[in-house]
Amino acid sequence: MPGVPVFRFAPSPNGYLHLGHARSALINARMARETGGRLLLRIENIDATRCRPNYEAAIYEDLAWLGLDWEQPVRRQSEHMDAYRAALERLEAMGLVYASFESRAEIRAEVAARPGWPSDPDGAPLFPFARGAIGEAGHRAGRAAGGFPSLSDSRPPALRLDMAQAVARAGVGLGWREWGATEPVTADPGAWGDVVLARKETPTSYHLSVVVDDALQGVTHVVRGTDLKAATSVHRLLQRLLGLPEPLYRHHALVLDAEGRKLSKSIGSESLRELRARGASAAEVRAMALG
């Protein structure tokens, strides 16, 4: 169906959905309905250490309880690692990917030794080492001799994007269109430093897999919370480097708790299942999510 808008809701099954997820799902569904578009559901389960089948089952149950439906089949990221690997290898062929052998502890120690070291938009310190810097000389033995570094090495690397080279290759005018805005938003991917594209335990990253999935699924409208707006800079960079289509974006306001914090699984925000258990109806939860 050429020309039909395609929206997607893409939760991770690493906990139960809360009102913030409900808002995003409901807004996507409403926009798809109002534009005569399609609504896709994608399960972003690349993190095998945190994602669980029971949480995935709960996603389907909670969304159906809210009155939503979506196209089948559901795309599950864990079933498409070859697509992410292919994109990673394309970036490597451009000379934009390198192996970082520094451990998380070594990175923390280096950052601690540099007072005032900058952080990315999410508040995490930027990677403090230069490309090719390995914490200890002995780590070099873990690097594959030539060619693409192996995530199965005895000291497995993180594979990082050389941000300076990537931005230079992407060229000028990098930005995106925000729904309802008259002027494009200027992208600033450099604010994220040399982002990780893959690790041994997670052989792709959110940044890489999301742009590959959106392109392969023909997503035309990416509607998500403002907490992901800054990450759009990295996504637009990867889209340009990989020759992927540019969706239209909308970053909606978040649902906040009584203390003004965004809802999160990590802080134990009340889940949709808990709201349902204490008697809230689907209509009441929809109103709470969109209010």
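The values are calculated or read from the model by the stated rules, or taken from the named source; none is laboratory data. None of the values given here were measured: they were computed from a predicted structure. Methodologically, a virtual Cβ is constructed for each residue, glycine included, from the backbone with ideal geometry; neighbour enumeration extends over all protein chains shown.
If I ask for residues that are small (Gly, Ala, Ser) and within 17 Å of Leu161 (Cα to Cα), which ones from segment 231-265 would you list?
The answer is Ala231, Ser233, Gly243.
The criterion of at least 1 residues that are acidic (Asp, Glu) and surrounded by fewer than 22 Cβ atoms within 10 Å (Cβ to Cβ) is met by the following helices (runs of 4 or more DSSP H) wholly inside segment 163-248: 206-216. The single condition among (1) under 23 Å from Ser209 (Cα atoms); (2) under 20 Å from the mean Cα position of the chain (by Cα) that Leu19 does not meet is (1). Scanning segment 95-130 for residues that are at pLDDT 90 or above and among the basic types (Lys, Arg) yields Arg108, Arg114.
A search for C-beta distances below 9 Å between a residue of segment 27-48 that is over 29 Å from Arg199 (Cβ atoms) and any residue that is assigned to a helix (DSSP H, G or I) and among the small types (Gly, Ala, Ser), counting only pairs 6+ apart in sequence or on different chains, returns Ile27/Ala289; Arg38/Ala32; Leu39/Ala25; Leu39/Ala29; Leu39/Ala32. For segment 5-14, the set of residues classified as under 16 Å from the mean Cα position of the chain (by Cα) and not in a strand (DSSP E or B) consists of Ala10, Pro11, Ser12, Pro13, Asn14, listed by residue number.
Here segment 263-291 is the region considered, the condition is being charged (D, E, K, R) and over 17 Å from the mean Cα position of the chain (by Cα), and the residue that is farthest from Leu19 (Cα to Cα) is Arg278.
For His207, the test of being within 17 Å of Ala25 (Cα to Cα), at pLDDT 95 or above and of a type outside the set (A, V, I, L, M) is failed. Counting just the residues of segment 131-172 that are among the basic types (Lys, Arg) and within 11 Å of Tyr98 (Cβ to Cβ), which one comes out modelled with the highest pLDDT? Going through the qualifying residues, I end up with Arg160.
Check whether at least one residue in segment 33-54 is farther than 24 Å from Ala283 by Cα and in contact with a Gly (Cβ under 9 Å, 6 or more places away or on another chain), and report yes or no. Among the residues of segment 33-54, at least one is farther than 24 Å from Ala283 by Cα and in contact with a Gly (Cβ under 9 Å, 6 or more places away or on another chain), which makes the answer yes. Here Thr226 fulfils each of the conditions (1) of a type outside the set (D, E, K, R); (2) farther than 23 Å from Ala198 by Cα; (3) over 16 Å from the mean Cα position of the chain (by Cα) apart from (3).
Candidates Val195, Val172, Val185: the one that is hydrophobic (A, V, I, L, M, F, W, C) and either within 18 Å of Ser12 (Cα to Cα) or under 13 Å from the mean Cα position of the chain (by Cα) (or both) is Val195.
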